[in-house]
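Take a look at the structure set out below.
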Amino acid sequence: MNLLECSFCRKNKAFYVRSYEGIGLCHRCFKKNIEDRVRRTISKYKMLKPNDHVAVAVSGGKDSLSLLTILGKITKRFPKSRLTAVTVDEGITGYRDEAITIAKNHYKNRSINYAIVSFEDLFQIKLDQLVKEKRELSPCSYCGVLRRRAINLAAEKVGANVVATAHNLDDEVQTAMLNIVHGDVTRISRVEPVLEDPNRRFLRRVKPICEIPEKEVAMYAYESGIEFQKVPCPYMATSLRNDMRSMLNRMEVKHPGTKYTIFRSTEKLRSALKQYGGKTELKNCRYCGEPTTTDTCQVCKILKKAIP
Ligand code: SF4
Ligand SMILES: [Zn+2]
Ligand SMILES: [Zn+2]
């Protein structure tokens, strides 16, 4: 194969060599290929229905703004579907303000409906404050739990019936590896491309870009002229996830395709766990009533409501 030539159109020069498939792509075919792959992921996992109102969780970073752009193109074909961007202000000084400004400009320039909610309004505390007060867990552990709840509340507020989050392939594989490190069987069986409760106690959650590597999502954002926040969160360096990310990136360079191999292996693990009784029962939190796998949900534990 001539890697200087695009493997798809065979006309244009390839600007990117995708090592895990051994192909080259030109600018036009790269963008189309990413959009087609997201479409395939959505249909393979039956993520969306033609009349869904999708709340897209947007942080102002490359992943979420790319997801919003791709979903905008996909849902155009379905006149009964709706998209609303929801953005959470966690209260991280010197970081989140810039991301929110970028996200707002994106929405306004493209006439996208949006809602912004904050930890301060919803939980009466900013992440910065919480991190100062509670030191047992990493900032990302508090942030992840509260942000998930905040996105759900925002999605309910705008009347959406589905939440789409911008977890890419790297995020999913890092999470899978971290869950294995922690021996967290419940999470191994619950982290999947679509999470839906047959009893509809929570909104369907979908991850349409979960099969796209982080590097290619970033390239898609650049190729599409999307402005996004480039500085990382100040708390990122403190997480175990960050070290897992570096390790997986080194493995991917040495053994292209490693991330996809882990992603597929996790799918097999998940289905085996479900088959052998690893399915988790949902209860209602004794304090806030939200669905949870334990008596008290993580949000209430963090916010100390669990103290009798
Ligand atoms: S890096 Fe951690 S603290 Fe920062 S926004 Fe992400 S999850 Fe929250
Ligand atoms: Zn091409
Ligand atoms: Zn609760």
For all pairs of alpha-carbon atoms in the stretch 32-77, what percent lies in each bin of width 10 Å, listed from the first bin to the last filled one?
25, 59, 16
Under the Karplus relation 6.51 cos²θ - 1.76 cosθ + 1.60, θ = phi - 60°, what is the ordered set of whole-Hz ³J(HN,Hα) values for the stretch 106-116, x standing for Gly and Pro?
4, 5, 5, 5, 10, 6, 9, 5, 8, 9, 10
Kirkwood-based Rg to Rh ratio, the stretch 1-126, C-alpha trace
1.08
Please report, in Å, the Rg and the Dmax of the stretch 112-161, where both are computed over Cα atoms only.
12.4, 39
Enumerate the aspartates and glutamates that residue 76 could reach by cross-link, defined here as Cα to Cα under 18 Å, with residues fewer than 8 away along the same chain left out.
35, 36, 52
Which of 237, 85, 115 moves the most in a Gaussian network model of the chain with Cα springs under 10 Å?
237
Take the alpha-carbon positions of the stretch 188-300, form their convex hull, and give its projected area averaged over all directions (one quarter of the hull surface) in nm².
10.0
Of 253, 88, 217, which has the largest mean-square fluctuation in a 10 Å C-alpha GNM of the chain?
253
Please report the spacing between the Cα centers of the stretch 20-50 and the stretch 61-84 in Å, no decimals.
14
Run the helix sum for the chain: -39,500 (n - 2.57) per DSSP H stretch of 4+ residues, divided by residue count, reported at 222 nm to the nearest 500 deg cm²/dmol.
-14500 deg cm²/dmol
Cα-based Rg then Dmax for the stretch 175-231, in Å, read 15.6, 41
Relative contact order, percent, of the chain when contacts are C-alpha pairs under 8 Å separated by at least 6 residues?
19
Are there trypsin sites (Lys or Arg not before Pro) in the stretch 163-207 that DSSP puts in a loop and that have at most 15 other Cβ atoms within 10 Å, and which ones?
200, 201
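So what's the projected area for the chain, the Cα convex hull averaged over all directions, in nm²?
Convex hull of Cα atoms, orientation-averaged projection: 17.0 nm².
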What span do the alpha-carbon atoms of the stretch 52-183 cover on each of the three principal axes, reported in whole Å from largest to smallest?
48, 33, 24
Computed Kirkwood radius, in angstrom, where 1/r is averaged over Cα pairs of the stretch 137-202:
13.6
Using eta = 1.567 mPa s and T = 4 °C, Stokes-Einstein with Kirkwood Rh from Cα pairs puts D for the stretch 79-131, in µm² s⁻¹, at 106
Counting just the Cα atoms, what span does the stretch 51-97 cover along each of its three principal axes? Round to the nearest Å and put the largest first.
40, 17, 10
Beyond a 29 Å Cα-Cα separation, which of these cross-linked pairs lie in this structure: 44/304; 73/274; 46/134; 80/157; 62/259?
44/304; 73/274; 46/134
For the modelled label position 7 Å from the Cα of residue 227 along Cα-to-Cβ, which residues of the stretch 56-72 have backbone nitrogen atoms closer than 15 Å?
60-62, 65
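Quick note: the coordinates plus some simple rules give every number you see, no bench work behind them. A quick note: this is a predicted structure, and the numbers were derived from the prediction, not measured. Virtual Cβ from ideal backbone geometry, glycine too; neighbours counted across all protein chains shown.
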